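First the structure, in the form of structure tokens, and then the observations on it.
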Amino acid sequence: MIASVHDRLPESRLRQLQLWGPDASEHGWSVRQSARARRLSVRVFRNGGVEIVVPPRTPPRRVSEFVSEHRQWIERQRRRAAPALHWPLPPDSLTLTAIGEQWRCSTAARTGRVGLREIAAFELQISGALDERDRLRRLLANWLIERARLRFEQPLRALATQLGLAPTRLQVRCQRSRWGSCSRRGTISLNACLLFQSPEVLRYLMIHELSHLRHMNHSARFWAEVARHEPGWKALDRELLHGWRRVPSWIFR
Ligand SMILES: [Zn+2]
């Protein structure tokens, strides 16, 4: 168990209750009645399983209320426990928050090598053998890199002009180690995973890397330069620290 809403949890003589249909139990939800439970509690397990423990004779309606009250907390814990549950591969959709795009992903023709193509605006089609997971991950990552290259270029140029700077080149990568970088030769590198962050965070990172064209370090003068263009940089920088949670887990596995 990794978390629970209430810390005093009854352990003995638990009885399984059937309050949801078979569908719900397949997803790892269960409700157990405990003779010793004084109130309702919920636990989230490492595999993403959820267990609601209830006192005897708790009406199902009360259980549903309890679940909806704690729904957000439960979902947060499940994401933390088992990211794969929330980031299925193939994905149903890709939400590119930074550029305000939502792409639907459909599957078709499950024979042959796995493939990926844009079939309409904001619609991707994944075809072929879906169990070729490594290849599918690579195809999706490459598509994200292309999308980011296409959509990051213009705002980066606009910001550079605003800051009176001239980067030589934009490079987009998909890497786990860093969100961006700036080379001495003026190449700005941005991580395609920034697509999953907020537009404010993306803008901050662009300002950050562009400011390195002036100061190739993280000195006080560098941060003063950043602050001139983004006074809220501290909060945005902190947001980036947890930014990996917004990135589909299949990208790096
Ligand atoms: Zn930096």
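Numbers for the structure displayed
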| item | result |
| --- | --- |
| Enumeration of residues in the stretch 126-145 that are in a strand (DSSP E or B) and over 21 Å from the mean Cα position of the chain (by Cα) | Ser127 |
| Restricting the stretch 64-100 to residues that are among the β-branched types (Val, Ile, Thr), assigned to a helix (DSSP H, G or I) and surrounded by fewer than 17 Cβ atoms within 10 Å (Cβ to Cβ), the residue that is farthest from the chain's Cα centre (by Cα) | Ile99 |
| Verdict on Arg203 being part of a helix (DSSP H, G or I) and in contact with a His (Cβ under 8 Å, 6 or more places away or on another chain) | no |
| Contacts under 7 angstrom Cβ, first residue in the stretch 205-233 being touching a residue at least 40 places away in the same chain (Cβ under 8 Å), partner acidic (Asp, Glu) and more than 9 Å from the ligand (Cβ to nearest atom), 6 or more apart | Ile207/Glu230; Ser211/Glu225; Arg214/Glu225 |
| Every residue from the stretch 206-225 that is outside any loop (DSSP other than H, G, I, E, B) and either over 26 Å from the mean Cα position of the chain (by Cα) or more than 16 Å from Gln162 (Cβ to Cβ) (or both) | Ser211, Ala220, Arg221, Phe222, Trp223, Ala224, Glu225 |
| Any hit, the stretch 168-178, residues being over 27 Å from the mean Cα position of the chain (by Cα) and either open to solvent by less than 10 Å² (accessible area, probe 1.4 Å) or away from the ligand (no atom under 15 Å from the Cβ) (or both) | yes |
| Qualifying residue in the stretch 165-188 (condition: without any contact (Cβ under 8 Å) to a residue 24 or more places away in the chain and in a helix (DSSP H, G or I)) | no |
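The values are calculated or read from the model by the stated rules, or taken from the named source; none is laboratory data. It should be emphasised that the depicted structure is a prediction, and the values quoted were computed from it without experimental measurement. Reconstructed Cβ throughout: ideal geometry from the backbone, glycine too, with neighbour counts over all protein chains shown. With ligands, DNA and RNA removed, areas are computed over all heavy atoms of the protein, side chains included. Shrake-Rupley method; radii C 1.70, N 1.55, O 1.52, S 1.80 Å.
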